[in-house]
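The values are calculated or read from the model by the stated rules, or taken from the named source; none is laboratory data. Just so it is clear, the model here is predicted, and its values are computed rather than measured. Here the Cβ is made from the backbone with ideal geometry for all residues, glycine too, and neighbour counts use every protein chain on show. Just the protein is used for accessible areas: all its heavy atoms, side chains included, with ligands, DNA and RNA removed. Shrake-Rupley method; radii C 1.70, N 1.55, O 1.52, S 1.80 Å.
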Amino acid sequence: MNDDDAALRRPRRPRRRLLSSLIGLGIVAALAAGGSWVALHPQPLIDQVTVWQYEPDAVIASHVERLQLTDHGRFLYYASRPTVSSGEQFSSDCPKDEDEQAFGILGCYLHADKTIVVFDVVDERLDGTEEVVAAHEMLHAAWDRMDDDEKDRLAVLLDAEYERLTNDPRFAERMAFYARNEPGQRANELHSIVGTEATGISAELEEHYAQYFEDRSVVTDLHSASNAVFVQLQQQADSLVSQMETLRTTTESDYKAYTSGYEQLNSDIATFNKRAESGFFTSPSAFDRARSRLIERGIELDEMFDSITARAAEYGRLASELESINTTSAELQRGLNIGGEVQQKSDTAG
């Protein structure tokens, strides 16, 4: 056996151990060179080890793919060991307090454990919601790892977006909710909300979010699409309520006019009959003209009553349609871990 044959037959295991040893020596060297920095900033090393050990399942991996996260965005998401759950498990992982019962808690970033939990959204009509929540919570993980100088810089930019968005009542209500339940976390929440939902933001913020998203419009489009079903339902409900209010107002007004009109007609008929019996009318034509006017008034009132009846039926039909919309909305909101009717608030609290 020559030296070349010996080299070809050399077992690979020692080389793997050698590689491991070299890596280990490299880490030791790095720690020796920057030990004081690592001691003060252990999170990057903890995150790296966590990512090495974390094995995402198909659902978690699909979040990353669909959101088109950058390598850094994926790193932060996996470093947070994300899980997807529902029911009692989710309620245990992301508990609500009394003030949160009317809001949909779809995910949470647990600061103490530095982990992410996402609600399992299974209703196909809400496609994209789960991914938006995942992105929202990933940005909380990003914020948690920023130094104070970077947070202060971003807070100024985020406040400018807040002023631009605060005219939206739903946005204002949402931020008021966070102010009550997470005091001192406004910039943190804005960082996640603006990053996943807002369009037309400053170039400086777009540059910041480019660290995490290959194309941020992907996540904002998902948010718009998943929210569109509620926007459409709300618009339909608003239109129905407006139509019903018009019908109610005109029907009530016309019914009062119909009632008083028939009371007056009956009184005038009685007067007509008395006059006819007393010889009041001097000619058959005068009698016929008076009689015809009474008959015409009766016909007009009958037509008004038919119109009132038709509008009452239309009101009932619209009320049934509104009830159907509210039923659909309630189904969708159960899919978003909330209850109630169309006046929903889809919230990715964390």
Once the piece of chain linking Asn167 and Lys96 is laid out straight, how much longer is it, given 0.36 nm per residue of separation minus the C-alpha distance between them? 22.8 nm
How would you order 82-93, 213-224 from highest to lowest mean count of nearby Cβ atoms within 10 Å? 213-224, 82-93
Potential extension, Ala286-Gln68 segment - 0.36 nm per residue separation minus Cα distance: 69.6 nm
Of all accessible surface on segment 108-191 at a 1.4 Å probe, what whole percent is carbon and sulfur? 49 percent
Please work out how much accessible surface Val132 shows to a 1.4 Å probe, ignoring ligands, DNA and RNA, in Å² rounded to 10. 10 Å²
Starting at the first residue of segment 158-175, write each ³J(HN,Hα) from the Karplus equation 6.51 cos²θ - 1.76 cosθ + 1.60 with θ = phi - 60°, in whole Hz, x for Gly and Pro. 5, 4, 5, 5, 4, 4, 6, 8, 5, 5, 7, x, 5, 5, 4, 5, 5, 5
Please turn the phi angles of segment 252-267 into ³J(HN,Hα) values with the Karplus equation 6.51 cos²θ - 1.76 cosθ + 1.60 (θ = phi - 60°), one per residue in order, whole Hz, x for glycine and proline. 4, 5, 5, 5, 4, 5, 5, 4, 5, x, 6, 4, 5, 5, 4, 5
Suppose R0 equals 45 Å. What FRET efficiency, 1/(1 + (r/R0)^6) with r the Cβ-Cβ distance, do Ala210 and Ser242 give to the nearest 0.05? 0.55
The size of the Cβ-based charge dipole (Lys, Arg +1; Asp, Glu -1) of segment 92-187 about the Cα centre, to the nearest 20 debye, is 220 debye
Relative packing of 166-178, 190-202, 134-146, 270-282, which averages over residues the other C-beta atoms within 10 Å, highest first: 134-146, 190-202, 166-178, 270-282
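Multiply the residue separation of Ser86 and Asp148 by 0.36 nm, subtract the distance between their alpha-carbon atoms, and state the gained length in nm to one decimal.
Working: separation 62, 0.36 × 62 = 22.32 nm, distance 3.45 nm.
Net length gain for the segment: 18.9 nm.
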For segment 63-190, what is the relative contact order in percent, using Cα pairs closer than 8 Å and at least 6 residues apart in sequence? 23 percent
Name the long-range amide H neighbours of Phe281: under 5 Å, sequence gap of 5 or more, or other chain; modelled H, no Pro or chain starts. none
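Note down the relative contact order for segment 143-228 as a percent, whole number, built from C-alpha pairs under 8 angstrom at least six residues apart. Show your work: numbers first, answer last.
Details: 42 pairs, mean separation 24.3, N = 86.
28 percent.
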Could you check the simple spin-label distance between Asp268 and Thr199, using points 7 Å along Cα→Cβ, in nm with one decimal? 6.0 nm
Over its alpha-carbon atoms, segment 52-208 yields an Rg and a Dmax in Å of 15.5, 45
What FRET efficiency comes out for Ser278 versus Thr309 if R0 is 41 angstrom and r is the Cβ-Cβ distance? Round to the nearest 0.05. 0.60
Distance (nanometres) between label positions extended 7 Å along Cα→Cβ at Lys256 and Gln234: 3.4 nm
The ³J(HN,Hα) series, computed from each phi in segment 139-148 with the Karplus coefficients 6.51, -1.76 and 1.60 at θ = phi - 60°, rounded to the nearest Hz and given as x for glycine or proline, is 5, 5, 4, 5, 4, 4, 9, 7, 7, 5
